[in-house]
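Step one of this worksheet: look at the structure below.
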Amino acid sequence: LTFGSEKVRETAVRLLSTMGSMPVPKLVERLKKSNRRTECLAIKDTLTSIAAPAVAELIQLAQNVENKELNQLAVDAIAQIGPAADAAILPLLELMVAAKGEDQIYLAKALGKIGRSAIPQVVKLLEKEDKELRQSVIICL
């Protein structure tokens with residue numbers, strides 16, 4: 001995914017995205033091991049194009065709060081998948097409640113990109129006493 005021309009990379013991403021969930025575990029494993037930003041972004045784009053079959057693995061990566069870069073790549077991919085990533089709503093909500101500051105806002109924006117299916121669960125967070133959390137919910141909506 002990182003070698004060759006842009007056309008070669010686009011073709012590789014397109015082919016991998018037609019394979020459903022089969023390449024997802026290998027892509028995630030490579031993403032965890034890579035320290036090259038361009039490779040990580042190419043893998044994230046591939047997982048995003050695979051869409052729904054990649055969501056479960058992306059949720060696990062998003063829950064990896066020890067590795068912020070990996071966490072953010074996963075959250076970005078989930079957000080880009082949009083409504084097809086509705087399985088990520090509850091895990092992202094849990095992460096949002098536990099997060100603070102910019103991380104909370106980042107997760108709120110991702111939930112907003114998932115779309116309408118996130119609204120009922122997100123609205124429930126308005127009942128919480130945490131002012132910062134309520135502000136993040138408003139950003140999400």
Hey, can you rank 41-54, 23-36 by average C-beta count inside 10 Å, highest first? 41-54, 23-36
Rounded to two decimals, what is Rg over Rh for the stretch 36-109 when you use alpha-carbon atoms and the Kirkwood radius? 0.94
Ranking LEU73, PRO120, GLN60 by how far each Cα lies towards the positive end of the charge dipole of the stretch 1-129 (+1 on Lys and Arg Cβ, -1 on Asp and Glu Cβ), the top one is LEU73
Determine the dipole magnitude for the stretch 87-132: charges of +1 sit on the beta-carbon of Lys and Arg, -1 on that of Asp and Glu, nothing else is charged, the reference point is the Cα centre, and the result goes in debye to the nearest 20. 240 debye
Roughly how many debye, to the nearest 20, is the charge dipole of the chain about its Cα centre, given +1 on each Lys and Arg Cβ, -1 on each Asp and Glu Cβ, and no other charges? 320 debye
To the nearest 20 Debye, how big is the dipole of the stretch 1-67 about its Cα centre, given +1 on the beta carbon of each Lys and Arg and -1 on that of each Asp and Glu? 180 debye
Whole angstrom only: what separates the Cα centroid of the stretch 108-138 from the Cα centroid of the stretch 43-79? 20 Å
With a ≥ b ≥ c the root eigenvalues of the C-alpha gyration tensor of the chain, is it rounded (a/c under 1.5), prolate (a/b larger than b/c) or oblate? prolate
Within the stretch 87-141, list the trypsin sites (Lys or Arg not before Pro) lying in a DSSP loop whose Cβ has at most 15 other Cβ atoms in a 10 Å radius. LYS100, LYS128
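Bear in mind that the values in this text are calculations on the coordinates, not laboratory data. These numbers come from a predicted model, not from an experiment. Don't worry about glycine lacking a Cβ; one is built from the backbone with ideal geometry, like all the others, and counts go over all protein chains shown.
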